[in-house]
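Visitor: Here it is: the structure, laid out below.
The values are calculated or read from the model by the stated rules, or taken from the named source; none is laboratory data. Given the structure is predicted, the values throughout are model-derived calculations rather than measurements. So basically every Cβ, Gly included, is an ideal-geometry build from the backbone, and we count neighbours across all protein chains shown.
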Amino acid sequence: VRLRERIDGSVPLRRAVWRVRRRPPGRAAPPPRPVGVKLELTYSCNLRCGFCYTDSPRHTLARTPDLSDDAWRRIVDESIDLGVIEAVVTGGEPLLRRELALETMERLAAAGVGVNLNTNGWFVDDGMADRLAGLPALTVHLSIDGATPELHDAARGVPGSWRRAVDAAHRLLERGVHVQAVHVVTPDNEHGVEDFLDQMWLLGLPAVRLSPVGQVGAAARSGRWRVDPSASRHVAERFRREHGTAMKVRVADRPTHSLANIDRQAPAALLVRPGGAVLIDSLHPFAFGSAPRDGLATCWERIRAGWRDPRIVEWGRGIRSAGAMHELALVPYRDAEVDLAPGAEPPPEAAVEPPRLPRVAPPRPGGGAEQARSHVRDLALARRYRLARTRCSAEPGGGRYVRMVEAGRVVRLNPAAADVMDACDGGTLEDALARLGARYPGEPPARLERDALGAIRDLQGRGLLRPARAPAGVAPGTAGVEPALDLLDL
Ligand code: SF4
């Protein structure tokens, strides 16, 4: 185990093992067209995370300008013309540029591109949630760093941000949007990961991602971020044993693996920074031109020709471990990217002022774990569902055969699940609990709640139940195609 841990922590050792076993690189050459694109609409952010990989708190303070809306519209059109199938809309906080972000996602979705939105949730009000719910194949990656405001707000640097994020999750879930909570695990919050998973289960999240800090950007400036890499896996495994797989818990790969392969795995996607620089991904500090100056197609051709440029290979070989990234002379986001395009000059496009930030409320006590749980429980209890079109045939004892008319499938439900289904036909978890309480009067309320939650998740998974506010005919997103693109790995 010790040897394995040493190998997993060391980039050169990991490379040596792969050489001996003749394993990676997986992709030896970039495809003719990029498969995906990551669009960083702004550097600015309303939060102040000390581990921010894009170094947004510094860019926000320095008021770093972003590309204009028109420049972004052209980039989106070029991405669609280039044939991308998956896109990430991110920042900073992309919803600070509210209309641009929505228009970008709507154009991409209308072209059939799968869209992933990275957000801290602060700006997801009812109007925003309604627009997002209308987007097919959307997955929202929502940052939540703990089961209490104390944990989350301390990590995110702004009081009230936990409440905003949890309420955003609820607004999206009640409209049927696919939401993945992303928890950045640090030495300050790793003790709370188990409670966090329980809370996300109660809230109704379909997916959670536990991610270590990527030591670039602000994290490469200061802070101690290293956590025991196996601890999150153990917690996730325990959760799976207790609750099954209805809520998918993904533990992000050790960063060592992608870093060890950084100069050998051919890129498949593009990243466009807020100022227009085009890079391979978030882990490289080299640009291949500027989107407004050169166009995305030219930048992609440069990437295909130059992704193993000796300067990149030499830089990649200097990485000793994920925790030592900050020691490099050139760190993504902390340092200005190096443009490898011939005769590179600053982009000609006029840049716009960064978005205005909301006023930040003064610090206030978070209320602790009990109050946080009670808030999340209230949200879960109040969510309303509706039933798909069905025909049913009753069994003796309360069980039922149910035919889903549109899907053409038949499922068999036990009496408790049938009760929950009936209660949720226009009703809520609270209604389901009342039904189960009447059927099983001696059962402890906590057990009934657990069973009802499990049944609702199961019925949703089978396509029998949907949140009542989900628009008809809009297919929710899934977890994206992360392994192919690594677009979301930071
Ligand atoms: S990590 Fe995300 S939420 Fe935090 S400052 Fe950076 S962009 Fe904002």
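Visitor: Could you please find all residues in region 394-410 being in contact (Cβ under 8 Å) with a residue 24 or more places away in the chain, part of a loop (DSSP other than H, G, I, E, B) and among the aliphatic types (A, V, I, L, M)?
Guide: Listed by number, the list holds a single entry, Ala407.
Results for (1) buried (at least 17 other Cβ atoms within 10 Å of the Cβ); (2) assigned to a loop (DSSP other than H, G, I, E, B); (3) within 16 Å of the ligand (Cβ to nearest atom); (4) among the small types (Gly, Ala, Ser), shown as yes or no for each residue.
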| site | (1), (2), (3), (4) |
| --- | --- |
| Arg14 | yes, no, no, no |
| Ala28 | no, yes, no, yes |
| Pro32 | no, yes, no, no |
| Asn46 | yes, yes, yes, no |
| Tyr53 | yes, yes, yes, no |
| Pro57 | yes, no, yes, no |
| Trp72 | yes, no, no, no |
| Ile75 | yes, no, no, no |
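Visitor: OK, next. Would a scan of region 83-94 turn up a residue that is free of Cβ contacts under 8 Å to residues at least 24 places away in the same chain and more than 14 Å from the ligand (Cβ to nearest atom)?
Guide: no
Yes/no per residue for (1) modelled with pLDDT of 95 or more; (2) of a type in the set (Asp, Glu); (3) under 27 Å from Phe239 (Cβ atoms):
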{"residue": "Val420", "(1), (2), (3)": "yes, no, yes"}
{"residue": "Ala423", "(1), (2), (3)": "yes, no, yes"}
{"residue": "Thr428", "(1), (2), (3)": "yes, no, yes"}
{"residue": "Leu433", "(1), (2), (3)": "yes, no, yes"}
{"residue": "Arg439", "(1), (2), (3)": "no, no, no"}
{"residue": "Gly442", "(1), (2), (3)": "no, no, no"}
{"residue": "Pro445", "(1), (2), (3)": "no, no, yes"}
{"residue": "Arg450", "(1), (2), (3)": "no, no, yes"}
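Visitor: Can you say whether Phe123 is out of contact with any Ser or Thr (no Cβ under 8 Å at 6 or more places or on another chain), within 16 Å of the ligand (Cβ to nearest atom), farther than 22 Å from Ser290 by Cα and assigned to a loop (DSSP other than H, G, I, E, B), as far as the supplied structure shows?
Guide: Working: out of contact with any Ser or Thr (no Cβ under 8 Å at 6 or more places or on another chain): yes; within 16 Å of the ligand (Cβ to nearest atom): yes; farther than 22 Å from Ser290 by Cα: yes; assigned to a loop (DSSP other than H, G, I, E, B): yes.
It is true that Phe123 is out of contact with any Ser or Thr (no Cβ under 8 Å at 6 or more places or on another chain), within 16 Å of the ligand (Cβ to nearest atom), farther than 22 Å from Ser290 by Cα and assigned to a loop (DSSP other than H, G, I, E, B).
Visitor: Would you confirm, using the coordinates I've provided, whether Pro187 is surrounded by fewer than 20 Cβ atoms within 10 Å (Cβ to Cβ), of a type outside the set (Phe, Trp, Tyr) and either within 13 Å of the ligand (Cβ to nearest atom) or over 22 Å from Leu132 (Cβ atoms) (or both)?
Guide: yes
Visitor: Now for a different question. Would you pick out the residues in region 439-464 that are charged (D, E, K, R) and either out of contact with any helix residue (DSSP H, G or I) (no Cβ under 8 Å at 6 or more places or on another chain) or over 11 Å from Ala246 (Cβ atoms) (or both)?
Guide: Arg439, Glu443, Arg447, Glu449, Arg450, Asp451, Arg457, Arg462
Visitor: To continue, here is another question. Considering only residues that are part of a helix (DSSP H, G or I), touching a Phe, Trp or Tyr at 6+ places or on another chain (Cβ under 7 Å) and hydrophobic (A, V, I, L, M, F, W, C), which ones fall in region 303-346?
Guide: Those that are part of a helix (DSSP H, G or I), touching a Phe, Trp or Tyr at 6+ places or on another chain (Cβ under 7 Å) and hydrophobic (A, V, I, L, M, F, W, C): Ile303, Ile312.
Visitor: Another question about this same structure. Report yes if some residue within region 96-110 is within 14 Å of the ligand (Cβ to nearest atom) and within 28 Å of His191 (Cα to Cα); otherwise report no.
Guide: Checked region 96-110: no residue is within 14 Å of the ligand (Cβ to nearest atom) and within 28 Å of His191 (Cα to Cα).
Residue-wise test of (1) free of Cβ contacts under 8 Å to residues at least 12 places away in the same chain; (2) over 21 Å from Val376 (Cβ atoms); (3) in contact with a helix residue (DSSP H, G or I) (Cβ under 7 Å, 6 or more places away or on another chain).
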{"site": "Ala129", "(1), (2), (3)": "no, no, yes"}
{"site": "Leu132", "(1), (2), (3)": "no, no, yes"}
{"site": "Leu135", "(1), (2), (3)": "no, yes, yes"}
{"site": "His141", "(1), (2), (3)": "no, no, no"}
{"site": "Leu151", "(1), (2), (3)": "no, no, yes"}
{"site": "Ala155", "(1), (2), (3)": "no, no, no"}
{"site": "Pro159", "(1), (2), (3)": "no, no, yes"}
{"site": "Arg164", "(1), (2), (3)": "no, no, no"}
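Visitor: Applying the selection to region 197-212, what residues are of a type outside the set (Phe, Trp, Tyr) and more than 16 Å from the ligand (Cβ to nearest atom)?
Guide: Initial filter on region 197-212 (of a type outside the set (Phe, Trp, Tyr)): 197-200, 202-212.
Matches in region 197-212: Leu197, Asp198, Gln199, Met200, Leu202, Leu203, Gly204, Leu205, Pro206, Ala207, Val208.
Visitor: Sticking with this one: Give region 213-246 a look and list any residue that's surrounded by 14 or more Cβ atoms within 10 Å (Cβ to Cβ), away from the ligand (no atom under 14 Å from the Cβ) and in a loop (DSSP other than H, G, I, E, B), or say none.
Guide: Arg226, Val227, Ala246
Visitor: Checking the conditions here, which among Val405, Val410 is hydrophobic (A, V, I, L, M, F, W, C) and surrounded by fewer than 12 Cβ atoms within 10 Å (Cβ to Cβ)?
Guide: Details: Val410 fails: surrounded by fewer than 12 Cβ atoms within 10 Å (Cβ to Cβ).
Result of the check over Val405, Val410: Val405.
Visitor: Suppose we keep only residues that are within 11 Å of the ligand (Cβ to nearest atom), more than 16 Å from the chain's Cα centre (by Cα) and in a loop (DSSP other than H, G, I, E, B) within region 135-172. Which one would you say is nearest to His191 (Cα to Cα)?
Guide: Per the stated criteria, the residue is Gly157.
Visitor: Within region 352-393, work out how many residues are modelled with pLDDT under 95, part of a loop (DSSP other than H, G, I, E, B) and closer than 18 Å to Ile456 by Cβ.
Guide: The total comes to 1.
Visitor: Of the residues Leu132, Leu108, Leu96, Leu61, which single one is over 20 Å from Val213 (Cα atoms), in a helix (DSSP H, G or I) and modelled with pLDDT under 95?
Guide: From the options Leu132, Leu108, Leu96, Leu61, the qualifying one is Leu61.
Visitor: Sticking with this structure for a sec: Output the residue which, of all residues in region 190-202 that are without any contact (Cβ under 8 Å) to a residue 60 or more places away in the chain and either in contact with a Cys (Cβ under 7 Å, 6 or more places away or on another chain) or surrounded by fewer than 20 Cβ atoms within 10 Å (Cβ to Cβ) (or both), is farthest from Leu151 (Cα to Cα).
Guide: Asp198
Visitor: Further question on the same structure: Only one residue in Val193, Val177 is under 19 Å from Ala372 (Cβ atoms), β-branched (Val, Ile, Thr) and at pLDDT 95 or above, so which one is that?
Guide: Val193
Visitor: Give me the strands (runs of 3 or more DSSP E) completely within region 254-301, filtered to those with at least 1 residues that are in contact (Cβ under 8 Å) with a residue 60 or more places away in the chain and over 28 Å from Leu210 (Cβ atoms), ordered by residue number.
Guide: Answer list for region 254-301: 277-279.
Visitor: Follow-up. Is it true that Gly473 is small (Gly, Ala, Ser), under 27 Å from Arg403 (Cβ atoms), modelled with pLDDT under 90 and assigned to a loop (DSSP other than H, G, I, E, B)?
Guide: Against the criterion (small (Gly, Ala, Ser), under 27 Å from Arg403 (Cβ atoms), modelled with pLDDT under 90 and assigned to a loop (DSSP other than H, G, I, E, B)), Gly473 qualifies.
Visitor: What number of residues within region 310-331 satisfy the criterion of being surrounded by 16 or more Cβ atoms within 10 Å (Cβ to Cβ) and of a type in the set (D, E, K, R)?
Guide: Result for region 310-331: 1.
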